[in-house]
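Enquirer: The structure's right below; bear with me while I get my questions together.
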Amino acid sequence: VQLVESGGGLVQAGGSLRLSCAASGSTFSINTMGWYRQALGKQRELVGVITSGGINTNYADSVKGRFTISRDNAKNTMYLQMNSLKPEDTAVYYCNSYPARLFTWGQGTQVTVSS
């Protein structure tokens, strides 16, 4: 499975962005998937996860109530709706399976939030 993240950009604090994670291959739909992010000089961290059927989600405390993960298995695509963005959300955002990162990491998509 190859992963391609898109939708990042530069946004002012308080703004919104919607990221997409497009996956090739048939195994996407059977896996719990996660969004991860890595800020400059920091370790990659988990932002949130969504189960294979899209019913259950869970989020890091830092984004809870602001970010929403969804998926469309028919399109092999996962989404991350980010609202009320803060400068500390600035990072490169990636997607992969969870908990085991089964797939090759994509290039990620840069999100920059200005204050």
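Enquirer: Enter the Cα centre distance for the pair the stretch 69-115 and the stretch 1-16, rounded to the nearest angstrom.
Expert: The distance from the Cα centre of the stretch 69-115 to that of the stretch 1-16 comes to 7 Å.
Enquirer: Taking the simple approach of a point 7 Å from Cα along Cα-to-Cβ for both Glu88 and Glu45, what is their distance in nm?
Expert: Roughly 0.7 nm, to one decimal.
Enquirer: Ok, one more. With springs only between Cα atoms under 10 Å apart, run a GNM on the chain and tell me which of Ala74, Ala13, Ala39 wobbles the most.
Expert: Maximum among the listed residues: Ala74.
Enquirer: Still on this model: Specify which residue in the list Ala74, Tyr59, Tyr93 is farthest towards the positive end of the charge dipole of the stretch 44-115, using unit charges on the beta carbon of Lys, Arg (+1) and Asp, Glu (-1), about the Cα centre.
Expert: Farthest towards the positive end: Ala74.
Enquirer: Here is a follow-up. Counting DSSP beta bridges with both partners in the chain, what percentage is antiparallel, nearest 5?
Expert: 90
Enquirer: Return one whole number: the accessible area per residue of the stretch 1-92 in Å², for a 1.4 Å probe.
Expert: Counting only protein heavy atoms, the per-residue value for the stretch 1-92 is 52 Å².
Enquirer: Under a GNM of the chain (C-alpha, springs under 10 Å), which listed residue has the highest mean-square fluctuation: Thr68, Thr57, Thr104?
Expert: Thr104
Enquirer: Just the number, please: carbon plus sulfur as a percent of the accessible area of the chain, 1.4 Å probe, no ligands or DNA/RNA counted.
Expert: 48
Enquirer: Using modelled amide H (1.01 Å from N, peptide plane; none on Pro or chain starts), what sits under 5 Å from the amide H of Arg71, excluding residues fewer than 5 places away?
Expert: Residues meeting the criterion, in which the H sits 1.01 Å from N, are Tyr79.
Enquirer: Calculate one ³J(HN,Hα) per residue across the stretch 91-105 by plugging θ = phi - 60° into the Karplus curve 6.51 cos²θ - 1.76 cosθ + 1.60, and present them in order as whole Hz with x for glycine and proline.
Expert: Per-residue couplings from phi come out as 4, 8, 9, 10, 10, 5, 6, 9, x, 7, 7, 7, 10, 5, 4 Hz.
Enquirer: A further question on this structure: Based on alpha-carbon positions alone, could you give the equivalent ellipsoid semi-axes of the chain from the gyration tensor, as √(5λ), descending, whole Å?
Expert: 22, 14, 13
Enquirer: Please state the charge dipole magnitude for the chain, taken about the Cα centre, from unit charges on C-beta atoms (+1 on K and R, -1 on D and E), reported in debye and rounded to the nearest 20.
Expert: 20
Enquirer: Something else: First obtain the Kirkwood hydrodynamic radius of the stretch 73-115 from its Cα pairs, then insert it into the Stokes-Einstein equation at 37 °C and 0.692 mPa s, and state the resulting D in µm² per second as a whole number.
Expert: 267
The values are calculated or read from the model by the stated rules, or taken from the named source; none is laboratory data. These figures come from a predicted structure and were not determined experimentally. Neighbour counts are summed over all protein chains in view; Cβ atoms, including those assigned to glycine, are modelled from backbone coordinates with ideal geometry. Ligands, DNA and RNA are excluded from the accessible area calculation, which covers all protein heavy atoms including side chains. Shrake-Rupley method; radii C 1.70, N 1.55, O 1.52, S 1.80 Å.
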